[in-house]
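Take a look at the structure below.
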Amino acid sequence: MTGIMDTALGAPSFRHGVHPREHKEDTRGLAIRQFPFAPMLIMPLRQHLGAPAVPVVRVGQEVARGETIARPDGFMSVAMHAPASGVVRRIELAPTISGDMVESVFIEPLPADTQEVDDGEPCRLDNATPEQIMTAIQNAGIVGLGGAAFPTHAKLRFPDDKHVDTLIINGVECEPYLTTDHRVMLEQSADVIAGIRYLVKATSAVRTIIAVEANKPDAVTALSAALPDDLPVDVTVLKVKYPQGAEKILIKALLKREVPQGGLPIDVGVICTNVATTAEIGRLLPRGRGIQERVITIAGPGVEKKGNYLIPIGTPVRFALEACGADPDITRVFMGGPMMGPAVSNLDIPVTKGTSGILAFTVHETAAIVERKVYACIHCARCVESCPVFLNPSHLGLLAKNEQYEQMADDHSLYDCFECGACNYVCPSHIPLVQYFRLAKKMVRKLRATH
Amino acid sequence: MEIASSPHVASGASVDDIMRNVVYALLPVVVFAVFAFGLSALLVLTTAVLACVGTEYVLNRVAGAPDTLGDWSVVITGLLYGLTLPPGLALWMVAVGGIFGVGVGKFLFGGLGSNAFNPALVGRAFLQAAFPSAMTTWSPAFLADRFAHISSSTLAFPFARPEYDAISAATPLSAMKFRDTGTDPMELMLGLTSGSVGETCAVLILVGGIYLVARNMMNWRITVSILATVATMTLIANTLAPGEYPQPMFMLLSGGLMLGAVFMATDPVASPITDTGCWVYGLLIGGLIVVIRFWGGMAEGVMYAILLANAVSPHIDNLVQPRVYGSRA
Ligand code: SF4
Ligand code: SF4
């Protein structure tokens, strides 16, 4: 359903982009519910960008829910916390969504345990220094929950010659099906505001914008009601368009600024954090706790009990789907939204901090896509008109087909493609453009490494 | 589990949908052509489509390539090609041009997506060069016996010189160019004049174009750019020397301009990919049409203008790439 606000004239947005069907109606109205514990939870020590965490527990050791089980290894790394009270059964390589095998801590929850979480050493807003806030965020294991899993504290530290005029809290959630950020904004608006206070203190940002698309009017109302009087925070409603939730695109839509190629938002005076990440900061820091669970949407036509769940990190996908009543006809499962979410090849991989959703499609949804015919590029320009970073996917696709990978990188900005899938989505020739571009990036890296 | 690359969803339209809709958009023009020129037009169009479709089918078979009739593009080529021919053209010539258009203009280039030139125009250009007089001999529209009688020129034997039963005085363009007589724009609009099979009724061509634009299946910028360029240049010429040059309305509605601007120049494969590129491309086509019609040796210039612009199109693409996000200038 699209309301009148979706097309509200004058609402900010960006040029290009696409309008995939939203499919959010099944879960947007469902309150966040606690998910049961799986019989075994798998905690990969690298589920964020950067260096793996270093385990501080031994096999056989009993751990309490929320206890630190791994410490950060250097600056680009975060801590890891036990998602349940239980026993460490194994520490060994396990498959993850990235396709890599990653050293992981296997924890078997104790069924009799109350699963209470103890508070730790709090980080108080009034007397913490920016440095202490960043350390607290790192020790709480907080990373970008929107999907990128970039360590949040690393975003907040920037060179002295830069300054932040705008803090953007990203509540766009433009991927179809996903409603986790929506529910967080609705149910945890106070936590979001508390998180903003920490972030403002850590970065000295002049003002804060909470960005929400027009398809979440109730979230806009809830946040607007929670806005503080003593801090310059605004809620800005954007037109509905994919991929507006991508950091660089959102910055352009809100502020008309472009992050320079190869640069970071801080280069244009912006820091951008996901709204759920912000809520976690606001909730965990005053209690001195770490992330041991997160909100995800489990949905798609292949799932019976669709919903928004507070799920323990480390829950295997298989358990999550079974607990939600999976259709036996499921043919494809992916993590995150349908535009960018990677497909799951192995149901034993776990939910990690960056997992915003588990979606299951049955043969009804996938058959049409799998069986359709791939035509040659007819130069129709739909891809060009959809690319939010203004590449020429048609030409890139042609070069990829001819294996001219280096030319793609050197002359056609291959690395500016963030694989949003918009071009692929609209292509009437059904050319697997994103797959081509991923492969091209890999080949260029390989070629450059051997030179 | 299927291992598939994201995105896992797709928007509706596919190439065959788009091409099929272009065929739908052409149908009113086709029906009018038969109505205006009778059995001869029907035979010309049928032969054109069969020659094009047959050529593609046979060449794919011979080359061991997968069948491509399902993408509908060769049907468009056949129809467009047929619509640009004089109504009384000998059918064997129609067939030869169609075979050449698809064989050389499309297949040799690598098929759909690789054809640098519009195959329908390649076929027509070949005929123009091979049979210049047959290609400029026009039978009149709305002959009383057009549904009962097939012109003997239509049925001429291969390689025999066709004989014409009825020859029109001239098309509005040649009348203007070589005899200095104008035609009422309203007649042009409604297709009451002589001309190629499907080029005479501007209104129906526009209706087809609007249908495609509404379905996001045609780049209107090219069409608008061509029409605006021709209108502006003609207006200037007509203002400076009213006796010598026609009115803009006459230019827009006469000859193959409307069919070319709406259906030929907008062939996505042979036109630029960026919006700016499309404006430039239209400007080029419009400019060439006016130059050829006013100062060239021929009455008509649409076909050559589009073919020339087809050749330039990749260079336009190279020159006007959109500026990548975050890049300087
Ligand atoms: S996947 Fe890459 S090329 Fe395609 S639209 Fe997105 S950014 Fe542009
Ligand atoms: S959308 Fe597909 S067919 Fe159209 S220009 Fe782009 S790559 Fe080619």
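The values are calculated or read from the model by the stated rules, or taken from the named source; none is laboratory data. Just so you know, these numbers come straight off a predicted model, no measurement behind them. Glycine gets a Cβ as well: all are built from the backbone with ideal geometry, and neighbour counts include every protein chain shown. The area values use the complete protein model at the heavy-atom level, side chains included, leaving out ligands, DNA and RNA. Shrake-Rupley method; radii C 1.70, N 1.55, O 1.52, S 1.80 Å.
Per residue, the average separation of C-alpha pairs within less than 8 Å and at least 6 apart gives segment B:15-316 a relative contact order of 19 percent. In this structure, the amide hydrogen of B:ALA4, modeled 1.01 Å from its nitrogen in the peptide plane, lies closer than 5 angstrom to those of A:ALA343, counting only residues at least 5 positions away or on a different chain. Rounded, prolate or oblate, given the Cα gyration tensor of segment B:226-327, with a/c below 1.5 counting as rounded? It is prolate, given that a/c is not under 1.5 and a/b is the larger ratio.
For peptide B:263-273, the mean count of partner chain Cβ atoms within 10 Å of a residue's Cβ comes to 3. First measure r as the distance between the Cβ atoms of B:ALA116 and B:THR136, then evaluate 1/(1 + (r/R0)^6) with R0 = 30 Å and state the FRET efficiency to the nearest 0.05. It comes to 0.65. Of the beta bridges DSSP finds with both residues in the protein assembly as shown, what % are antiparallel, to the nearest 5? Once the DSSP bridges in the protein assembly as shown are tallied, antiparallel ones form about 60 percent. Of the DSSP beta bridges with both residues in chain A, give the percent that are antiparallel, rounding to the nearest 5. For chain A, the DSSP antiparallel bridge percentage is about 60. For the protein assembly as shown, a crude dipole built from +1 on the beta carbon of Lys and Arg and -1 on the beta carbon of Asp and Glu, taken about the Cα centre, is about 800 debye to the nearest 20. The relative contact order of segment A:382-450 comes to 36 percent, based on Cα pairs under 8 Å that sit 6 or more residues apart.
The label-point distance for A:GLU92 and A:ARG157, in a model that sets each label 7 Å from Cα toward Cβ, rounds to 3.6 nm. Computed from the C-beta positions of A:LEU231 and B:VAL312 and an R0 of 60 Å, the FRET efficiency is 0.55 to the nearest 0.05.
Put simply, the amide H of A:CYS272, placed in the peptide plane, has neighbours under 5 Å in A:ILE168, leaving out anything fewer than 5 places away on its chain.
The mean sequence separation of alpha-carbon pairs under 8 Å and at least six residues apart, normalised by the residue count of chain A, gives a relative contact order of 19 percent. A simple packing score, the average count of other Cβ atoms within 10 Å per residue, orders the peptides A:26-38, A:297-309 as A:297-309, A:26-38, with the highest score first. Comparing Cα centroids, segment B:14-54 and segment A:39-94 end up 69 angstrom apart. Rounded to the nearest 20 debye, the dipole size of segment A:1-148 about its Cα centre is 440 debye, using +1 on the Cβ of Lys and Arg and -1 on the Cβ of Asp and Glu. Taking 0.36 nm per residue of separation and subtracting the Cα-Cα distance, full extension of the segment from A:MET443 to A:TYR415 would add 8.8 nm. Ordering of B:259-272, B:5-18, B:191-204, B:43-56 by packing is B:259-272, B:191-204, B:43-56, B:5-18, highest average first (other Cβ atoms within 10 Å, averaged per residue). Compute the Cα gyration tensor for the protein assembly as shown, then decide on rounded, prolate or oblate, letting a ≥ b ≥ c be the square roots of its eigenvalues: rounded whenever a/c is under 1.5, prolate when a/b is larger than b/c in the other cases, and oblate in all that remain. Judged from the Cα gyration tensor, the protein assembly as shown comes out prolate (a/c at least 1.5, a/b above b/c).
For segment A:382-450, the Kirkwood hydrodynamic radius from C-alpha pairs, put into Stokes-Einstein at 4 °C and a viscosity of 1.567 mPa s, yields a diffusion coefficient of 110 µm² per second. By DSSP, what percent of the beta bridges with both residues in segment A:119-272 are antiparallel, rounded to the nearest 5? Roughly 5 percent of the DSSP beta bridges within segment A:119-272 come out antiparallel. Remark: mean inter-chain Cβ contacts per residue of A:365-373 equal 3, using a 10 Å Cβ-Cβ cutoff to other protein chain atoms. A Cβ-based charge dipole, computed about the Cα centre of chain A with Lys and Arg at +1 and Asp and Glu at -1, lands at about 760 debye. Two tests apply to each whole DSSP H helix in chain A, Cα reach of 15 Å or more along its axis and mean Kyte-Doolittle hydropathy of at least -1.0, and the ones passing both are A:189-203, A:433-450. With contributions of -39500 (n - 2.57) from each DSSP H run of at least four residues, the per-residue ellipticity at 222 nm computed over the protein assembly as shown stands at -12000 deg cm²/dmol. Mean partner shielding of peptide B:11-23, defined as the number of other chain Cβ atoms within 10 Å of each residue Cβ, is 4.
Placing dummy labels 7 Å off each Cα toward the beta-carbon, the span from A:LEU264 to B:ALA63 is 5.2 nm.
In the full protein context, segment A:60-116 carries 45 Å² of accessible surface per residue, based on a 1.4 Å probe and ignoring ligands, DNA and RNA. Highest mean packing first, where packing is the average number of other Cβ atoms within 10 Å per residue, the peptides A:281-291, B:129-139 line up as A:281-291, B:129-139. Please state the shape class of segment B:15-316: rounded when a/c is under 1.5, otherwise prolate if a/b exceeds b/c and oblate if not, all from the C-alpha gyration tensor. Note, shape of segment B:15-316 comes out oblate.
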